[in-house]
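Reading through the structure tokens given below for one structure.
A short reminder: the numbers here are calculations on the coordinates, not readings from a lab. These numbers were taken from a predicted model, which means no experiment stands behind them. Counting neighbours? That spans all protein chains shown, and the Cβs are built from the backbone with ideal geometry, glycine included.
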Amino acid sequence: MAKALKLESPAPWKVFIVEDHPVFREGLAQTLNAEPDLSVCGKACSAEQALEAIPRFKPDVVLVDLTLPGKSGLQMIKEIRNTDRNIKLLVVSMHDESLYANRVLRAGGDGYVMKQEDPEEIVRAIRDVLNGYLYVSEEVVRGIGSGGVPTAGTARMKRIGLPSSPMGNWKSSNCSGAATPTRKLPGNCHWTPGG
């Protein structure tokens with residue numbers, strides 16, 4: 001009698017949630033745990049709790065609220081990035097993306113999604129970040145490049161082999177195909193390694 005091969009599905013991505021509002025934290029955890037490829041491995045209501053627990057739980061991605069009691073989410077991102085260059089950091093916040101996304105990216109975050117987005121969009125943002133994309137709106141990408149004030153929206157931008165500086169230097173150009181040390185990104189934005 002032939003033995004049947006048992007194919008194992010890959011282990012789900014481990015998600016850690018840092019959110020001080022219990023209803024949102026628990027609702028987000030429930031939404032994520034219903035996804036076959038995502039599993040909430042831990043939750044914290046403050047940056048201090050998260051910084052203590054994250055090394056123990058070893059998540060693949062940390063979802064960070066910006067406004068936390070005590071230390072801010074932005075400061076927490078900087079501290080995590082100083083010790084772990086591989087963990088993915090996605091901000092899920094009520095604060096307008098156009099005001100904070102640039103700061104998050106410069107601190108070492110991998111993306112920014114607003115809490116008022118549909119749950120499916122938050123799940124998409126998580127998956128994009130886990131699959132090597134920066135998740136911000138196209139308008140934010142243009143705003144970072146031009147120095148203007150971008151508006152919120154949802155699009156994704158492929159992450160390009162990042163060196164020790166998570167975001168490198170941003171600049172905008174209307175020229176395509178110009179010989180520069182930058183790499184072309186959507187929306188006439190370029191990414192320069194380093195910086």
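Full extension from Leu99 to Lys115: what is 0.36 nm times the residue separation minus their Cα-Cα distance, to one decimal in nm?
On the way: separation 16, 0.36 × 16 = 5.76 nm, distance 1.46 nm.
Here the answer is 4.3 nm.
Which FRET efficiency value, to the nearest 0.05, do you get for Asn131 and Ser9 by plugging their Cβ-Cβ distance into 1/(1 + (r/R0)^6) with R0 = 22 Å?
0.85
From the phi of every residue in region 54-60, what ³J(HN,Hα) in whole Hz does the Karplus formula 6.51 cos²θ - 1.76 cosθ + 1.60 yield, where θ is phi - 60° and glycine or proline is x?
Each residue of region 54-60 in turn: 4, x, 6, 7, 6, x, 7 Hz.
Using θ = phi - 60° and the Karplus relation 6.51 cos²θ - 1.76 cosθ + 1.60, list the HN-Hα couplings for region 116-123 in order, rounded to whole Hz, with x at every Gly or Pro.
The phi angles translate into 6, 5, 4, x, 4, 6, 5, 4 Hz.
Using θ = phi - 60° and the Karplus curve 6.51 cos²θ - 1.76 cosθ + 1.60, what whole-Hz ³J(HN,Hα) does each residue of region 31-39 get, with Gly and Pro shown as x?
4, 5, 5, 7, 8, x, 9, 10, 9
For Val136, what residues show an amide H to amide H distance below 5 Å, using hydrogens built from the backbone and excluding near sequence neighbours?
Tyr112, Ala155, Met157
R0 = 30 Å: FRET efficiency of His21 with Lys58, Cβ-based, nearest 0.05? Intermediate values should be presented prior to the final figure.
Details: r = 25 Å, r/R0 = 0.83.
The computed FRET efficiency comes out at 0.75.
Once you order the gyration tensor axes a ≥ b ≥ c over the Cα atoms, which shape class does region 63-111 get: rounded for a/c under 1.5, otherwise prolate or oblate by comparing a/b with b/c?
oblate
Counting only residues 5 or more places away or on other chains, whose amide H sits under 5 Å from the amide H of Lys43 once H atoms are built in the peptide plane?
Close amide H contacts, sequence-distant or interchain: Ile17.
At 7 Å along the Cα-to-beta-carbon direction for both Glu35 and Arg81, put a label point, then send me their distance in nm to one decimal.
According to this spin-label approximation, the distance is 2.2 nm.
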